[in-house]
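To keep things clear, I will list the structure first and then write my remarks on it.
The values are calculated or read from the model by the stated rules, or taken from the named source; none is laboratory data. This one's a predicted model, so the numbers in the text were calculated from it and none came from an experiment. We place every Cβ from the backbone using ideal geometry, glycine too, and count neighbours over all the protein chains shown. Calculation scope for accessible area: heavy atoms of the full protein, side chains included, ligands and nucleic acids excluded. Shrake-Rupley method; radii C 1.70, N 1.55, O 1.52, S 1.80 Å.
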Number of protein chains: 2
Amino acid sequence: MTRVSIKNIADRLGVSSATVSLVLNGKGEKLRISKEVAEKVRKIADELNYRPNMAARSLRTGKTRTLGLIVADISNPFFAKLARYIENIAGEKGYQVMFGSSDESAEKFGRLLDLFIEKNVDGIIMAPPQNSEAVVKGLMTEKIPFVQIDRGIEGVPISSVQINNELASYALTGYLIEQGCRKIAFVAYNMGLPNISKRCTGYRKALRDYGIEVNDSLVRSASYERFEEGINDAIDELLDVGIDSIVFATNRVGIQSLIHLKERKKMTGLQFVSIDYTDEYALSDIPITCIEQPIGELGERALNILFRYIDDPSYNVIEQVILQAKICK
Amino acid sequence: MTRVSIKNIADRLGVSSATVSLVLNGKGEKLRISKEVAEKVRKIADELNYRPNMAARSLRTGKTRTLGLIVADISNPFFAKLARYIENIAGEKGYQVMFGSSDESAEKFGRLLDLFIEKNVDGIIMAPPQNSEAVVKGLMTEKIPFVQIDRGIEGVPISSVQINNELASYALTGYLIEQGCRKIAFVAYNMGLPNISKRCTGYRKALRDYGIEVNDSLVRSASYERFEEGINDAIDELLDVGIDSIVFATNRVGIQSLIHLKERKKMTGLQFVSIDYTDEYALSDIPITCIEQPIGELGERALNILFRYIDDPSYNVIEQVILQAKICK
DNA sequence: CTGAAAGCGCTTACAG
DNA sequence: CTGAAAGCGCTTACAG
């Protein structure tokens, strides 16, 4: 049983497929198709359970009503929540979302980009990994609109939506200092990512501004690929060096660090702050001060920009949005 | 600058577009296109940065190399992880994934299904919500293959992959009883979902088998729509009734319950078990015994079945897979 | 070894 | 008010 097409409906009614198409696309009124014909078309389309074939429509119109979303890892709660917001907003406009996880690999990222382009997505939201400058710049020569989220390639005019990473980290570090901490560690992953590196800058700046010397051995980073071991090693080494507090660059970093500290029974006497808030922190007995990212607003802003590009191909203003993220206790 | 097509390449080389298509699809050898021509085609395709237009290919072949995934909520860690496994396995076979969240609403679920069908996805993985029997049965008349995951419409022959929900719950409840608990509560959401209802059955059965009377006032359920309030109310009421332990039907239920209990400072003296393991539990100070779902295997099994349907349209065996999930401490 | 042609299902200017 | 026709970019049997 093959799917019913516009032509099937047209044949059944003895009208042309153009008529059917116009009616079904709500352009019947404007192009003065008679009410009776329109009614018959709609009725039979309904009866036959007609579903438009988007491949055909896309081929004709060049539009797919599909967006591509490339994150580092869809199973990371931050990106999962972001995906959900994006799905909702896109859905309201009649768009579906295709997703892909880059695992912070520029190669994988590039492959996903190619696939999404081949599938003619109307626009792309992406968190570009390290070393993806060339790939992203290449994308600029395609006609497909895109917006960066959570991070942005440095020094390149591409729209992006992110939080004020430096200030977030600065505020958290300052908070620790005011609590009396002096041996403050900074734990992160993939330090080359622009957002992470800014978080590190904010940490360093806060120390300097408060007259505390920056000790590079207190700045640790795991790699994405060997994440758990990397974090565990970092924590072990920091404990050896001697610290009184830690700034976690992301929730994933914080959770793994706390899990390891708990296993080693070394939670006491340390203070923690973290960028990102998660339920894990709420349930943990260690008080931890967080910067909660406005994930909904990140998604909304990014999609607003993207849809503006999509809806008006002549619109070429670059918007780099930086949201302020505040400490929540 | 419009995208380069097969025809552009053909014109450039003075060959037919058929030749180009064959070469680019690796069928040049078999259909004996000369090595020289093939080489030239590949070279120029590369130079011009040719990208196939999938809309055109799909229209012709009827295939999109895209799968649809419908979960309850992509931001729920269980589904987010599932999505990641599905993405990986699909990706290896050259498929992309489009996702949608039903919010446990049959209407929304039906709409997502329609959209995915119109977009010609090659197959669908789905966690059907309550009251979606009619919609799912309707899908059976379409030619598009699909597999249920995490749950399955009861009494209908459709492939599904899920854990042994009843046994999981039975084991957890039995564990509590053996620890000496007698006033054991069961907290869930949307009790009408087949997987949740089975978890409840397992709980009841364990109590009976151990000779403990089932007290219906200890069985509580929140709705998906008013989740937090529902759980909080359930916990409050249970505390009033008096309990010594709780079986959490899912991690989301468990986390919200624990957050509320913690706020009310009522953690002590209670024992907890939960279906699903999460980092939240690991970091919480309350010992909690879990059934960890084999999410990777769920995804892998579901995709294996789905791809078998996709790759061989004549294959029509229905597979209902039930994985055993064991207690992990 | 390669080309000409049909056709997938739609949309849209054009003609009447 | 409606139809005939072209064309989006591909693939694939067919012919030579």
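Return the residues of the stretch A:227-274 for which accessible area with all protein chains present is lower than in the chain on its own by 30 Å² or more; set the probe to 1.4 Å and exclude ligands, DNA and RNA.
The answer is A:ILE259, A:LYS262 - residues whose exposure falls by at least 30 Å² when every protein chain is included.
With viscosity set to 1.002 mPa s at 20 °C, what whole-number translational diffusion coefficient in µm²/s follows for the stretch B:1-141 from Stokes-Einstein and a Kirkwood radius over Cα pairs?
121 µm²/s
Would you mind computing the Rg to Rh ratio of chain B from its alpha-carbon coordinates, Kirkwood style for Rh?
Details: Rg = 25.5 Å, Rh = 22.5 Å.
Ratio of gyration radius to Kirkwood radius for chain B: 1.13.
Using the Cα atoms of the stretch B:280-329 to build a convex hull, what is its mean projected area in square nanometres?
Values: hull surface 17.4 nm².
Taking the Cα atoms of the stretch B:280-329, their convex hull projects to 4.4 nm² on average.
So with the 1.4 Å probe, I'd like the accessible area per residue for the stretch A:165-291, rounded to whole Å².
That works out to 39 Å² for each residue.
More than 19 angstrom separation, counting every C-alpha pair in the stretch A:176-280; what % is that?
Numbers: 2035 of 5460 pairs.
Cα-Cα pairs of the stretch A:176-280 separated by over 19 Å account for 37 percent.
With every protein chain left in place, what is the accessible area of B:ILE6 in Å² (1.4 Å probe, nearest 10)?
B:ILE6 exposes around 40 Å² with every protein chain in place.
Can you list the trypsin sites (Lys or Arg not before Pro) in the stretch A:41-92 that are in a DSSP coil and have 16 or fewer other beta carbons within 10 angstrom?
A:LYS63
Report D for the protein assembly as shown in µm² per second (integer): Stokes-Einstein, Kirkwood Rh on Cα pairs, 4 °C, 1.567 mPa s.
Translational diffusion coefficient: 47 µm²/s.
A 26 angstrom limit on the alpha carbon distance is what I want to check against. Which of B:LYS7/B:LYS27; A:LYS262/B:LYS265; A:LYS143/B:LYS143 exceed it?
With Cα atoms farther than 26 Å apart: A:LYS143/B:LYS143.
Run through the stretch B:126-231 and list the trypsin sites (Lys or Arg not before Pro) located in a DSSP loop whose Cβ has at most 12 other Cβ atoms within 10 Å.
B:LYS143, B:ARG226
Sorted by accessible area (1.4 Å probe), largest first, how do A:GLU104, B:GLU36 line up?
Highest to lowest solvent-accessible surface, that is B:GLU36, A:GLU104.
So what is log10(I(q)/I(0)) for the stretch A:1-71 at q = 0.18, 0.20 1/Å, when the Debye sum runs over its Cα atoms only?
With one equal scatterer per Cα and no solvent, log10 I(q)/I(0) is -0.72, -0.84.
Return the single residue from B:ILE305, B:ILE243, B:ILE44 with maximal mean-square fluctuation; model: Gaussian network over chain B, springs between Cα atoms under 10 Å.
Maximum fluctuation in the GNM of chain B, among the listed residues, is at B:ILE44.
Could you give the radius of gyration (one decimal) and Dmax (whole number) of the Cα atoms in the stretch A:74-187, in Å?
17.2, 55
If each label sits 7 angstrom from Cα along the C-beta direction, how far apart, in nm, is B:GLU178 from its counterparts in the other copies?
In ascending order, 5.2 nm.
List for the stretch B:85-128: residues with 40 Å² or greater reduction in accessible area, all protein chains versus chain alone, probe 1.4 Å?
Correct list: B:GLU87, B:GLN96, B:VAL97, B:MET98, B:PHE99, B:GLU118, B:LYS119, B:ASN120.
Normalise the Cα radius of gyration of the stretch B:64-133 by 2.2 N^0.38 Å (N = residues in it) and let me know the number.
This ratio for the stretch B:64-133 stands at 1.05.
For the interface of B with A, what's the total buried accessible surface in square angstrom, probe 1.4 angstrom, rounded to the nearest hundred?
For chain B against chain A, roughly 4800 Å² becomes buried.
At 7 angstrom along the Cα-to-beta-carbon line, where would the label on B:GLU39 sit relative to the other copies? Give the distances in nm, shortest first.
Computed spacing set for this position: 7.0 nm.
Computed from the mean reciprocal separation of all distinct C-alpha pairs, what Kirkwood hydrodynamic radius does the stretch B:240-286 have, in Å?
10.9 Å
Compute the label-point distances linking A:GLY269 to its equivalents in the other copies; points lie 7 Å from Cα along Cα→Cβ; give nm, one decimal, shortest first.
The projected label point of A:GLY269 is separated from its counterparts by 3.5 nm.
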